[in-house]
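Trainee: Provided herewith is a single structure, encoded as structure tokens, for subsequent inquiry.
Derivation of every value follows stated rules applied to the coordinates shown; laboratory data play no part. Please read all numbers here as calculations on a predicted model, not as lab measurements. Positions of Cβ are backbone-derived with ideal geometry, glycine not excepted, and every protein chain shown enters the neighbour counts.
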Amino acid sequence: MTSVEIEQLRIYLYLIGTGLAVVIFYYYIIHLYRSEKKGKKDYEKYGKLALDDELDSQILEKNPKLENDKKE
């Protein structure tokens, strides 16, 4: 392979990789909006976690595994 062919191959792989990353990124955004719209998760409260990071802060959601251990 000549250096020109290697450079073309590198460019093609870069474009394919960038396109794949964009598709995955947009699919992830769509997944977040759909799951929030269906009511599975509320991602807004996780965004507020960085702003309200104190030891005395409220717990965002209970851990069901810990609650089952306390009952037994």
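Trainee: To the nearest 0.05, what FRET efficiency results for residue 46 and residue 23 with a Förster distance of 30 Å applied to their C-beta separation? Present the calculation step by step, with values, prior to reporting the outcome.
Mentor: Numbers: r = 24 Å, r/R0 = 0.81.
Taking R0 as 30 Å, the efficiency between residue 46 and residue 23 is 0.75.
Trainee: How about the chain: which trypsin sites (Lys or Arg not before Pro) there lie in a loop by DSSP and see at most 16 other Cβ atoms within 10 Å?
Mentor: Answer by residue number: 40, 41, 62.
Trainee: Also, quick follow-up: Let's see if you can work this out: charge +1 on each Lys and Arg Cβ, -1 on each Asp and Glu Cβ, no other charges. What is the dipole magnitude of the chain about its Cα centre, in debye to the nearest 20?
Mentor: That gives the chain a dipole magnitude of about 440 debye.
Trainee: Counting each DSSP H run of 4 or more residues in the chain as -39500 (n - 2.57), what helix-only mean residue ellipticity at 222 nm follows after dividing by all residues, to the nearest 500 deg cm²/dmol?
Mentor: That comes out to -23000 deg cm²/dmol.
Trainee: Here is a follow-up. Measure nothing but the geometry: give the 0 to 90° angle between the long axis through the Cα atoms of 3-38 and the longest principal axis through the Cα atoms of the chain, rounded to 10°.
Mentor: 20
Trainee: Shifting gears a bit: For residue 30 and residue 56 in the same chain, what is the full-extension length gain: residue separation times 0.36 nm, less their Cα-Cα distance, in nm? Before the final figure, lay out each step's value.
Mentor: Numbers: separation 26, 0.36 × 26 = 9.36 nm, distance 3.40 nm.
Going from the current span to full extension adds 6.0 nm.
Trainee: Grab every C-alpha pair in the chain, bin the distances at 10 angstrom width from 0 up to the longest one, and report whole percents.
Mentor: So the P(r) values, bin by bin, are 15, 21, 23, 17, 13, 9, 2, 0.
Trainee: Would you mind calculating the gained length between residue 38 and residue 15 on full extension (0.36 nm times residue separation, minus the Cα-Cα distance), in nm to one decimal?
Mentor: Length gained between residue 38 and residue 15: 4.8 nm.
Trainee: Go through 30, 59, 12 and say which Cα lies farthest out towards the positive end of the charge dipole of the chain; charges sit on Cβ, +1 for Lys and Arg, -1 for Asp and Glu.
Mentor: Of 30, 59, 12, it is 30.
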